[in-house]
1. So what's the back-of-envelope 222 nm ellipticity for the chain, counting only DSSP H runs of four-plus at -39500 (n - 2.57) apiece and dividing by all residues, rounded to 500?
2. By how many nm would the segment from residue 232 to residue 26 lengthen if fully extended, with 0.36 nm per residue of separation less the alpha-carbon distance?
3. Once the Cα atoms of helix 94-110 and of the chain are each reduced to a long axis, what angle between those two axes, in degrees from 0 to 90 to the nearest 10, is obtained?
4. Any idea what the relative contact order of the chain is, in percent, if you count C-alpha pairs under 8 Å spaced at least 6 apart?
5. Would you please state the base-10 log of I(q)/I(0) at q = 0.12, 0.23 1/Å for the stretch 49-134, with intensities from the Debye formula using one equal scatterer on every alpha carbon?
6. Strictly greater than 35 Å: what percent of every Cα pair in the chain meets that?
7. Angle between the Cα long axis of helix 294-306 and the longest principal axis of the chain, 0 to 90 degrees, nearest 10?
8. If you rank 214, 337 by fewest surrounding Cβ atoms within 10 Å, what's the result?
């Protein structure tokens, strides 16, 4: 008899359940809950992410079809779409936001030594946001345009392992630059941003925290050149200057010196101008750091394609944020499993395999590798099965 637990249950073993219980207790998630706990809710929503379920009815139908396996998957409450909808509507989304941060902390410690293309001892973050369009009549709280609704997913991505270290979900009308007020800068770290975050008062706060920034300059930037440094133009560099701002407001917002680097991108035939407060790294390294910012764009594209964060199971703000945070938790969990099991597969392949094997009772390492695994105890059946030749 096969006594192995399901692949889904084996995957959930990697979750720090003690930390989840602490998050639930912090916000009273199980207060007056009789049968369908916050853990049941998390597991059902995680199953929906892994198996690409389209709706609450879809989740209910699939899980009820495997009623005898639910207990061994860790789901002890009765699964119904109304119960799950009520849980998403009423249970504080911060439970799963805090739990996602716990998983992020674990994942970052596992990927701290990974390389991302530039050899640096300091931590490098890419800051950007992506917009998720919503129907304003169904999501009236998500204001974006007069006749359009949307939310923004503001993300600070640690380029070592592409792990999001900071996420904020806001209405679509919130400007990107406001997120700089919520960051807690790490001294010595690099923050790579596009021109949407060009606010010199906020960048001055970042510099005073002993952090470094790399961003694009606008074409109407008013400045005065103090020094010019030699560059190797064959690498694409055009100039490396030390400047001060001369604009009426910008000179007051950022009175310190800045470094201005012009670079010609041969691949895209584009001239780029960078601003940074770091005067030590080579100019070409600064240009390469900004090129690595594209990884946050790829992260947004990846999660939109492979996680359920564009179509939602509920229309309230709490339900939307709950679904997004559990989706992020699943993404980070798969990243943790990849590292702890020393898998050579990419996250997309792992998710695709898990999506069709969640109910199987096979060792997860066997499922996710090409090892010639043999179950201990010899052959289970001596009689040939149907269609064996």
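A short reminder: the numbers here are calculations on the coordinates, not readings from a lab. Everything numeric in this text was worked out from a predicted model, so none of it was measured. Cβ atoms come from the backbone with ideal geometry, glycine included; neighbour counts cover every protein chain shown.
1. About -11000 deg cm²/dmol.
2. 68.5 nm
3. Compared with the principal axis, the helix lies near 70 degrees.
4. For the chain, the relative contact order is 21 percent.
5. One equal scatterer on each Cα of the stretch 49-134 leads to -0.65, -1.26.
6. Considering the chain, 37 percent of its Cα-Cα pairs are separated by more than 35 Å.
7. Long axis of 294-306 versus the principal axis of the chain: about 20 degrees.
8. The fewest-first ordering by Cβ neighbours comes to 337, 214.
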